[in-house]
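Encoded as structure tokens, the structure appears first; notes follow it.
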Amino acid sequence: MFFWKKNRQQQLSAYIDGELLPSQEMRIGEQLAFDAELRSQLADLERTNAIVAATLTTAPAIEAETFAAGIGGTAPRDTPSQKPRRHLAPAAIAAAGILVTAGITLASLRRRGIVWGSK
């Protein structure tokens, strides 16, 4: 039963995206005409698509001068004394998190006597 419902949702998603063959599209359309639950599922998927699309749209970029003027400040000036900021790559942050987690796990296993370390 679960696989049938999952397949049905995949077909509805493909129907919304226009990825079905004309014969499949016509069959889903006929089912939609007679099945209120299926129409409800279709409406839910369309709302989900709309939310995702709205989330993924990017806001227009604001120029620094416009932003500064909007908050009552002055536009930023290029000064050679300012150092550029360094940002860590997401992979570096993830790697550091994995190392910390591994260290905590190893310490916990040693404390419980499951792993022996050098003394």
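Is one or more of the residues making up region 75-94 in a helix (DSSP H, G or I), modelled with pLDDT of 80 or more and more than 21 Å from the chain's Cα centre (by Cα)?
The answer is no; no qualifying residue exists.
Out of all the residues in region 1-50, which are among the acidic types (Asp, Glu) and either part of a helix (DSSP H, G or I) or in contact with a strand residue (DSSP E or B) (Cβ under 7 Å, 6 or more places away or on another chain) (or both)?
Asp17, Glu25, Glu30, Glu37, Asp44, Glu46
Would you point out which residue out of Glu37, Glu25, Glu19 is exposed (fewer than 10 other Cβ atoms within 10 Å of the Cβ), within 20 Å of Arg8 (Cβ to Cβ) and modelled with pLDDT of 70 or more?
Glu37 is the lone residue from the list that is exposed (fewer than 10 other Cβ atoms within 10 Å of the Cβ), within 20 Å of Arg8 (Cβ to Cβ) and modelled with pLDDT of 70 or more.
Hey, among Ala61, Ala69, which residue is modelled with pLDDT under 70, loosely packed, with under 13 Cβ neighbours inside 10 Å and either not hydrophobic (A, V, I, L, M, F, W, C) or not in a helix (DSSP H, G or I) (or both)?
The conditions single out Ala61.
The values are calculated or read from the model by the stated rules, or taken from the named source; none is laboratory data. Small disclaimer: the values here were computed from a predicted structure and weren't measured. Don't worry about glycine lacking a Cβ; one is built from the backbone with ideal geometry, like all the others, and counts go over all protein chains shown.
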